[in-house]
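Participant: The following block contains the structure, expressed as structure tokens.
The values are calculated or read from the model by the stated rules, or taken from the named source; none is laboratory data. Treat the numbers as computed from the prediction; the structure is a model and nothing was measured. Reconstructed Cβ throughout: ideal geometry from the backbone, glycine too, with neighbour counts over all protein chains shown.
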Amino acid sequence: MSARWLTGKVGAAAMTLLFVIIFNFFLFRVMGDPTDQLARMPRATPEEISKLQA
């Protein structure tokens, strides 16, 4: 096991971790507020929506 091989593995792991963090950050921004999605349910009352947002 050489230092170059180990550096490559650590670098690849760091790049993968960075990609996952950035991907999740933008994924949750695109999805929006979960209470908005729950408010679209046909039987959701305004009281239930305000309770979810609180």
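Participant: Only one residue in GLN37, GLN53 is surrounded by 10 or more Cβ atoms within 10 Å (Cβ to Cβ) and touching a residue at least 12 places away in the same chain (Cβ under 8 Å). Which one? Give the derivation first.
Facilitator: Details: GLN37 fails: touching a residue at least 12 places away in the same chain (Cβ under 8 Å).
Exactly one of GLN37, GLN53 is surrounded by 10 or more Cβ atoms within 10 Å (Cβ to Cβ) and touching a residue at least 12 places away in the same chain (Cβ under 8 Å), namely GLN53.
Participant: Of all residues in the stretch 31-54, which are in a helix (DSSP H, G or I) and either modelled with pLDDT of 75 or more or hydrophobic (A, V, I, L, M, F, W, C) (or both)?
Facilitator: Quick first cut of the stretch 31-54, residues in a helix (DSSP H, G or I) only: 31, 34-39, 46-53.
Once the filter is applied, which keeps residues that are in a helix (DSSP H, G or I) and either modelled with pLDDT of 75 or more or hydrophobic (A, V, I, L, M, F, W, C) (or both), the stretch 31-54 yields MET31, LEU38, ALA39, PRO46, GLU47, GLU48, ILE49, SER50, LYS51, LEU52.
Participant: PHE19 is checked against (1) outside any helix (DSSP H, G or I); (2) surrounded by 10 or more Cβ atoms within 10 Å (Cβ to Cβ) and fails just one. What number does that condition carry?
Facilitator: All conditions are met except number (1).
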